[in-house]
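Before I ask anything, here is the structure I am working with.
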Amino acid sequence: MESARGESNPENFVIFVLTKKTIYHVRKKITKVSSDKASNNGSSEPWKPTADNKSKAVTFRVIAAIAWLVAIGFEIWGILKLRGGDVQENGMTMLIVLIVIALIFAVAGNLLWKKANRLDPASIKEKFKFWVQNQLGAIISAIAFLPLVILILADKNIDKKQKGILGAIAGAALLIGVGTGIDFNPPSVEQYTEETRVVETLTGQDFVYWTKSGKKYHLYNTCGYINSDRTDEIFEGTVGNAKSMKKISELCSRCKGQAEKENSIDLEEAMEELPEGESEAAG
Ligand SMILES: [Zn+2]
């Protein structure tokens with residue numbers, strides 16, 4: 001992490017203030033996300049996560065799995081309480097607390113799991129594995145909350161009002177758990193490979209810029225979309241870094257157009273000339 005600002009030094013501060021208006025656009029905090037340059041430059045090899053991101057993904061997945069186990073543990077505890085007649089004896093509070101705790105752990109697991117998938121995505125070549133890996137949070141959440149919802153609705157020992165309240169709470173937990181577990185736009189190795197290749201074709205290297213709030217990555221740090229007064233920090237790194245940081249969807253169209261013009265490249269033509277890596281490469 002490097003700061004380009006010099007305002008901490010009093011002398012610099014005066015200069016900074018005086019020149020801020022005119023040179024503000026180049027005085028951004030630049031955050032290097034990775035010093036790794038493209039390892040598979042221009043080749044047809046599928047995209048691979050860096051060793052660092054791979055190990056981060058493993059860590060996130062392990063923590064997610066533990067969080068899910070804890071969630072299911074609290075669900076089972078809740079079921080035992082319900083079956084044991086605790087709701088009739090002591091009211092609904094304990095069961096509601098158990099459901100809420102289970103939900104917190106389930107959602108934490110879901111978010112970590114999706115983050116791990118962005119760091120180390122699955123391949124769409126194995127369709128079933130791809131689906132399971134990307135939607136695992138939703139599957140686990142269904143396992144965690146659906147039995148509880150059914151058992152509450154089928155319980156003959158609690159009264160109608162209790163059934164209504166507990167059913168609604170467990171039902172909401174089911175929806176929130178499954179909702180946060182679903183990945184509507186699952187990342188894939190093929191998508192990362194393709195997007196990296198586009199950037200390499202346009203600029204000759206796998207190197208892009210993005211901001212905290214933006215949904216796109218850029219080829220030029222001078223691009224008007226990221227180099228505005230609203231931005232004070234620009235991140236730089238590979239396409240894979242950009243996509244793993246958060247849900248950054250695609251390449252900025254303005255940057256793409258500029259690169260095509262500057263380098264006299266017709267992207268569609270250039271991409272057709274490249275070997276089709278992901279569809280021909282063996283397993
Ligand atoms: Zn741009």
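Read-outs: derived from the displayed coordinates by stated rules, not from any lab. Predicted model only: the values in this text are computed from it and were never measured. Using ideal geometry, Cβ is built from the backbone for each residue, glycine included, and neighbour counts are taken over all protein chains shown.
Quick one: pull the percentage of alpha-carbon pairs in region 51-181 with a separation above 25 Å.
Values: 2703 of 8515 pairs.
For region 51-181, the fraction of Cα-Cα distances above 25 Å is 32 percent.
If you average the C-alpha positions of region 53-72 and of region 211-261 separately, how far apart do those two centres end up, in angstrom?
29
Follow-up. Along region 206-221, what does the Karplus equation 6.51 cos²θ - 1.76 cosθ + 1.60 (θ = phi - 60°) give for ³J(HN,Hα), rounded to whole Hz, x for Gly and Pro?
Coupling constants for region 206-221: 8, 8, 9, 10, 7, 10, 4, 8, x, 9, 10, 10, 10, 8, 10, 6 Hz.
So what is the relative contact order of region 51-181, in percent, for Cα pairs below 8 Å that sit 6 or more residues apart? If you can, show how the numbers build up before the last one.
Numbers: 152 pairs, mean separation 43.0, N = 131.
Relative contact order here is 33 percent.
Which of the residue pairs LYS32/LYS216; LYS216/LYS261; LYS115/LYS216; LYS32/LYS129; LYS114/LYS160; LYS125/LYS261 have a Cα-Cα distance greater than 27 Å in the structure shown?
Details: LYS32/LYS216 17 Å; LYS216/LYS261 20 Å; LYS115/LYS216 17 Å; LYS32/LYS129 33 Å; LYS114/LYS160 38 Å; LYS125/LYS261 35 Å.
Where the Cα-Cα span goes over 27 Å, the pairs concerned are LYS32/LYS129; LYS114/LYS160; LYS125/LYS261.
Here's a follow-up. Provide the per-residue ³J(HN,Hα) series for region 126-134, in order, calculated from phi with Karplus coefficients 6.51, -1.76, 1.60 and θ = phi - 60°, each as a whole number of Hz, with x at glycine and proline positions.
9, 4, 5, 4, 4, 5, 4, 4, 7
Would you order GLU194, GLU250, GLU272 from fewest to most other beta-carbon atoms within 10 Å of each residue's own beta-carbon? Let's see the in-between values first.
Numbers: GLU194 16, GLU250 13, GLU272 9.
The fewest-first ordering by Cβ neighbours comes to GLU272, GLU250, GLU194.
Please work out the FRET efficiency for the pair ILE265 and GLU89, using the Cβ-Cβ distance as r and a Förster radius of 51 Å; give the result to the nearest 0.05.
Working: r = 74 Å, r/R0 = 1.45.
According to the calculation, E is roughly 0.10.
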